[in-house]
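Some notes on the structure that comes next.
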Amino acid sequence: MSDLVIARSLFGTTMGFHIIHATIGVGLPLMILAAELLYQKTKDIEWVVMAKRWTKAFAVLLGVGIPTGTIAGMQLSLLWPGFMEVIGRVMALPFQIEIYAFFVEALFMSIYVYAAERIKPWMRIASLVLVALGGLASAVLITNVHAFQGTPAGFEIVNGEIVNVNPWEAFFNPSFFVTATHVAVSAYVVGAFVVAMVAAYKMLRAEHGSRIYRFHQKALTLSLVIGGIFSLLTAVNGHESAQMLHKYQPEKLAGAEGLFETQSYAPLAIGGVTDRESQSVKYGIEIPWALSFLAGNRFDTVVKGLNEWPESEWPPLFIHTLFNGMVFIGTFLILVAAVGIFWKRFLKKDKYPKWLLWLYVASGPLAILGIEFGWIFACTGRQPWNIYRMLSTAESVTTQTNLGPIFISFIIVYIILAAAAIFVLLHFFKKNPVHKDLDRATGGNGQLFSSNT
Amino acid sequence: MVDAYIAITILWGFVFIYAVMATMDFGAGFWSMIYINRKNTSGTTIANRYLSPTWEVTNTFIVALVVAVYSLFPKGAYTLGTVLLIPGSIILILLTLRSAFLVFSNIADEYRKPLTFVSGICGFLIPGLLMSVLPITHGHYIDTIDGRQTLNLARLFTSPNEYAFFGFAISSTLFLSSLLLADYSKVSHEHHAYRIYRRDALILGPVSMVMALAIMVTLKKEVGWLYSGMMDNVSLLYLSLALFLVGGLALFLPSKKDGRSVIGMPRLAVIAITAQYLVASYVYGRGHLPYLVYPDVTIHSAFTDPNSFRAVFATYIVGFAILFPGFAYFWSLFMHDKKYLRKNNASD
Ligand code: HDD
Ligand code: HEM
Ligand code: HEM
């Protein structure tokens with residue numbers, strides 16, 4: 001592998017690993033907050049127990065999310081110094097403001113966890129709201145840098161010099177709002193379905209009607225409602241993201257859809273693989289006219305095909321599959337959430353069939369896969385550009401060579417971290433089963449949050 | 001070009017704040033490892049009680065520092081990013097293992113020992129490596145071949161100057177953290193822990209001083225421009241020495257705590273030593289100017305676009321104005337709340 005390819009793989013691996021913890025770190029606080037608020041409303045102690053258990057899981061994930069984020073932040077400078085020089089001059093604001101978001105999250109997370117028992121209930125909720133807002137703001141701001149890479153604004157390059165810098169114009173670049181919204185709502189999807197996964201799994205193991213079963217059923221219902229709402233929003237907003245691509249990065253959309261010839265009444269290809277030789281999508285299903293409609297809300301919208309550009313500027317063709325995977329998962333999640341809510345609210349059945357519970361178990365990993373597909377699609381689909389039509393990836397990479405050993409070391413570290421995190425989570429929850437926490441909470445000494453063992 | 005000086009002052013401020021916080025953080029991790037087997041001391045408990053809520057905040061400062069480098073001095077970030085690839089990656093790996101295992105050890109109690117061990121060892125090496133960034137910026141270990149800059153690791157790790165910095169980082173980390181923990185244990189009424197940390201501080205103070213002198217001696221030999229820059233402010237160096245002596249003296253002054261008389265005023269010692277570091281690092285930073293990385297990158301050539309600087313500067317002011325109450329509340333909950341500090345250790 002060339003050093004450029006290693007640098008790309010290394011950074012992609014770091015991001016792919018960070019994103020798992022970071023996204024759950026954005027999504028889970030919303031679930032915790034919902035549980036705390038439901039407690040204030042119903043005074044049902046089970047909601048507090050839920051909040052406490054999710055907080056513990058959150059703390060473990062933070063233990064991986066924060067250091068891997070730190071790696072990500074520094075690897076940007078270590079691997080892509082050319083990119084960071086431009087970012088430093090033009091687009092430093094989001095990174096800068098993100099620092100404050102990190103501080104808010106870190107300060108109030110410590111307060112929520114380590115001082116939970118010493119502060120008033122309203123202060124606990126206020127801390128939690130700030131944790132959730134801090135996490136959301138980190139996601140939105142870092143996504144803004146990604147948006148800038150796709151739709152750069154606020155500067156010009158004249159004779160190799162960066163001039164006419166307007167940092168706020170760069171900050172509010174054209175795709176900021178769409179992209180940031182997509183990332184935010186999809187993070188809530190992930191938070192909800194990860195909870196659904198655990199709850200459904202526990203329901204499969206517990207006796208129907210038992211206290212434990214009902215406890216997990218409550219968690220499942222909450223996560224289906226939140227997850228359902230946000231997956232719907234994700235899909236609606238994803239449609240806008242696609243229209244944004246149509247307008248600003250047409251070759252990425254063409255790659256995503258495997259479209260070679262520019263045309264109106266363009267068909268939408270679902271599934272299949274894009275084939276370079278025959279310039280078509282093989283083994284896929286074609287829906288006539290649909291792509292034109294998606295791109296511009298009219299069937300006669302002209303959608304540009306890959307042949308408009310020289311082949312050296314094409315994104316890799318496999319992004320078609322990544323895009324399909326993301327959309328498939330989005331559709332699947334909307335459906336399973338709808339079925340579950342329908343089952344409970346309208347058929348008034350309080351026992352879910354086994355197959356449905358297994359689908360919920362699958363929904364957690366699928367949601368995470370959804371964001372992985374989405375991100376790899378978004379970053380890889382930008383190739384060969386690092387900043388669209390301004391800076392190529394090859395120009396921005398470090399001049400150092402022999403990156404192989406570094407790549408291997410980081411992979412080993414990620415494997416160790418993943419294994420240790422899973423081990424610690426399993427160990428902790430095995431030693432502190434729900435019934436123990438319930439007893440502790442009803443026991444009345446009130447030391448629920450600091451009960452570490 | 002006043003802006004560039006404001007910018008370098010901000011950066012230096014971040015370095016200083018991070019240095020003090022990281023010292024506490026890594027030092028506390030180290031001490032909690034050292035005293036973990038001693039049943040009758042609460043040394044480990046005290047260290048952990050400080051560490052648990054603060055490591056996240058400390059970590060954010062190093063991120064803030066890196067962001068400050070590339071948003072204020074993008075060209076400096078380019079050079080540093082290029083030459084620091086290997087040491088930077090090693091630091092990142094250690095930092096990651098240490099943060100993660102610190103969190104894990106608080107959640108899985110039975111495995112606390114091996115996990116604390118990992119975080120203790122990493123916490124001991126990281127300050128040394130972080131401090132090595134300073135000699136690298138002195139420029140003598142960077143080779144430029146065909147316009148490509150690379151770090152000459154062999155030359156770096158055979159230089160006495162590098163080892164002086166490395167040793168100073170470790171000894172002063174342990175020194176400052178034992179002082180702070182002494183103060184923290186005194187407030188917490190942990191007399192036994194107080195005695196231990198006071199003793200550690202008394203041993204490590206002179207060691208750090210020797211290391212600091214070793215830095216000066218090796219600088220004089222190897223990095224003339226920096227040495228003479230620092231000597232321009234030699235009176236401040238004497239002030240720093242005086243503050244060190246005040247700090248040492250404070251550990252012997254008698255004081256009263258709840259009617260009992262205790263030897264030493266650790267709070268005064270902490271303040272004096274922090275002031276000493278502030279003065280000494282000012283002299284170092286002053287001598288380093290105008291270079292960020294000697295000899296090619298100066299604060300003027302590396303400075304960001306003026307429009308960007310103004311925008312970033314505005315967010316510093318707004319950001320810290322908003323965050324300040326948060327920091328104050330945090331401080332009052334964890335550093336000042338007597339109930340928290342003296343809490344019964346049954347639940348730890
Ligand atoms: C649970 C995760 C998830 C789900 C179900 C979806 N997405 Fe998504 N999508 C993401 C998670 C995501 C993401 C990981 O958050 C991305 C990567 C970059 C970004 O801005 O968001 C993304 C990017 C992304 C982009 C590219 C933006 C760019 O390149 O800048 C488009 C066009 C869509 N999405 C469209 C959709 C559509 C039409 C969906 C239909 C249901 C959909 N997404 C579901
Ligand atoms: C869109 C993808 C991303 C999301 C949603 C996200 C979100 C988060 C969140 C919520 C945290 C707090 C810790 C946690 O809860 O796990 C975090 C930490 C962090 N992230 Fe990310 N992040 C993303 C991508 C990135 C990228 C690309 C970088 C590098 C430039 C980065 C740098 C960091 C850093 C430095 C931290 C640690 C902050 C600290 O020390 O407190 N993140 N991220
Ligand atoms: C968090 C989820 C993310 C994932 C999984 C991800 C994944 C990837 C992958 C796989 C690559 C390599 C692309 C290739 O070479 O084919 C890459 C490159 C890159 N990404 Fe992302 N990315 C994420 C978020 C971000 C964000 C938020 C930013 C903005 C700061 C960003 C900035 C970059 C940069 C600068 C590169 C290297 C240059 C390039 O290849 O264009 N990434 N990312």
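Search region A:99-123 for residues being surrounded by fewer than 24 Cβ atoms within 10 Å (Cβ to Cβ) and charged (D, E, K, R), and hand back the single one that is farthest from the other protein chains (Cβ to nearest Cβ).
The residue in question is A:Lys120.
Checking B:His336 against (1) at pLDDT below 90; (2) more than 10 Å from chain A (Cβ to nearest Cβ); (3) part of a helix (DSSP H, G or I), which single condition isn't satisfied?
Only one criterion is unmet by B:His336, namely (3).
Among the residues of region B:280-311, what is the count of those that are acidic (Asp, Glu) and closer than 17 Å to A:Met84 by Cα?
Of the residues in region B:280-311, 1 are acidic (Asp, Glu) and closer than 17 Å to A:Met84 by Cα.
Scan A:Ala206, A:Ala199, A:Ala187 and give me the residue that is within 9 Å of ligand 1 (Cβ to nearest atom) and either free of Cβ contacts under 8 Å to residues at least 12 places away in the same chain or surrounded by 18 or more Cβ atoms within 10 Å (Cβ to Cβ) (or both).
A:Ala187
Of all residues in region A:39-83, which are more than 27 Å from B:Thr54 (Cα to Cα), in a helix (DSSP H, G or I) and touching a Lys or Arg at 6+ places or on another chain (Cβ under 9 Å)?
Across region A:39-83, the qualifying residues are A:Glu46, A:Trp47, A:Leu79.
Anything in region A:63-86 that is of a type in the set (A, V, I, L, M) and within 7 Å of chain B (Cβ to nearest Cβ)? List them, or say none.
Hits for region A:63-86 are A:Val64, A:Ile66, A:Ile71, A:Met74, A:Leu78, A:Met84.
Please state which of the following conditions A:Leu369 fails to meet, knowing it meets all the rest: (1) free of Cβ contacts under 8 Å to residues at least 60 places away in the same chain; (2) within 12 Å of chain B (Cβ to nearest Cβ); (3) aliphatic (A, V, I, L, M).
(2)
Scan region A:277-300 for residues that are basic (Lys, Arg) and part of a loop (DSSP other than H, G, I, E, B) and jot them down.
A:Arg298
Given the condition closer than 23 Å to A:Gly370 by Cα and out of contact with any Ser or Thr (no Cβ under 6 Å at 6 or more places or on another chain), answer yes or no: does some residue in region A:300-315 qualify?
Checked region A:300-315: at least one residue is closer than 23 Å to A:Gly370 by Cα and out of contact with any Ser or Thr (no Cβ under 6 Å at 6 or more places or on another chain).
Going through A:Leu141, A:Leu130, A:Leu136 one at a time, which residue ends up being within 16 Å of ligand 3 (Cβ to nearest atom), open to solvent by 40 Å² or more (accessible area, probe 1.4 Å) and of a type outside the set (Gly, Ala, Ser)?
Unique residue meeting the criteria: A:Leu136.
Out of A:Trp309, A:Trp343, A:Trp358, I need the residue that is without any contact (Cβ under 8 Å) to a residue 40 or more places away in the chain, more than 14 Å from chain B (Cβ to nearest Cβ) and more than 16 Å from ligand 3 (Cβ to nearest atom). Which one?
From the options A:Trp309, A:Trp343, A:Trp358, the qualifying one is A:Trp343.
Which residues, counting only those in region B:117-141, are open to solvent by less than 20 Å² (accessible area, probe 1.4 Å), in contact with a helix residue (DSSP H, G or I) (Cβ under 8 Å, 6 or more places away or on another chain) and more than 14 Å from chain A (Cβ to nearest Cβ)?
Within region B:117-141, B:Gly120, B:Pro127, B:Gly128, B:Ser132, B:Pro135, B:Thr137, B:His138, B:Tyr141 meet the criteria.
Taking region A:209-222, which residues are touching a helix residue (DSSP H, G or I) at 6+ places or on another chain (Cβ under 8 Å) and open to solvent by 40 Å² or more (accessible area, probe 1.4 Å)?
A:Arg211, A:Ile212, A:Lys218, A:Thr221, listed by residue number.
Identify the residue in region B:308-333 that is modelled with pLDDT under 85 and more than 9 Å from every other protein chain (Cβ to nearest Cβ) and, among all such residues, is least open to solvent (accessible area, probe 1.4 Å).
Among them, the one singled out is B:Ser332.
Residue under question is B:Ser99, and the condition is that it be open to solvent by less than 20 Å² (accessible area, probe 1.4 Å), in contact (Cβ under 8 Å) with a residue 12 or more places away in the chain and either at the interface with chain A (Cβ under 8 Å from one of its Cβ atoms) or among the hydrophobic types (A, V, I, L, M, F, W, C) (or both); does it hold?
Yes, satisfied.
Go through (1) open to solvent by less than 10 Å² (accessible area, probe 1.4 Å); (2) farther than 22 Å from A:Gln383 by Cα; (3) facing chain B (nearest Cβ under 8 Å) for A:Val90 and report which single condition fails.
(2)
Please determine, by comparing only the residues of region B:66-85 that are β-branched (Val, Ile, Thr), within 7 Å of chain A (Cβ to nearest Cβ) and within 23 Å of the chain's Cα centre (by Cα), which one is least open to solvent (accessible area, probe 1.4 Å).
Top of the filtered list is B:Val67.
When you look at A:Ala22, is it away from ligand 1 (no atom under 14 Å from the Cβ) and in contact (Cβ under 8 Å) with a residue 12 or more places away in the chain, yes or no?
Considered against the rule, which asks whether it is away from ligand 1 (no atom under 14 Å from the Cβ) and in contact (Cβ under 8 Å) with a residue 12 or more places away in the chain, A:Ala22 comes out as no.
Residues to consider are A:Val26, A:Val86, A:Val90; find the one that is of a type in the set (A, V, I, L, M, F, W, C), out of contact with any Pro (no Cβ under 8 Å at 6 or more places or on another chain) and either modelled with pLDDT of 90 or more or away from ligand 3 (no atom under 12 Å from the Cβ) (or both).
When all the criteria are applied, what remains is A:Val26.
The values are calculated or read from the model by the stated rules, or taken from the named source; none is laboratory data. Keep in mind the model is a prediction, meaning the values are calculated, not measured. Glycine gets a Cβ as well: all are built from the backbone with ideal geometry, and neighbour counts include every protein chain shown. In case anyone asks, the SASA skips ligands and DNA or RNA and just uses the protein heavy atoms, side chains included. Shrake-Rupley method; radii C 1.70, N 1.55, O 1.52, S 1.80 Å.
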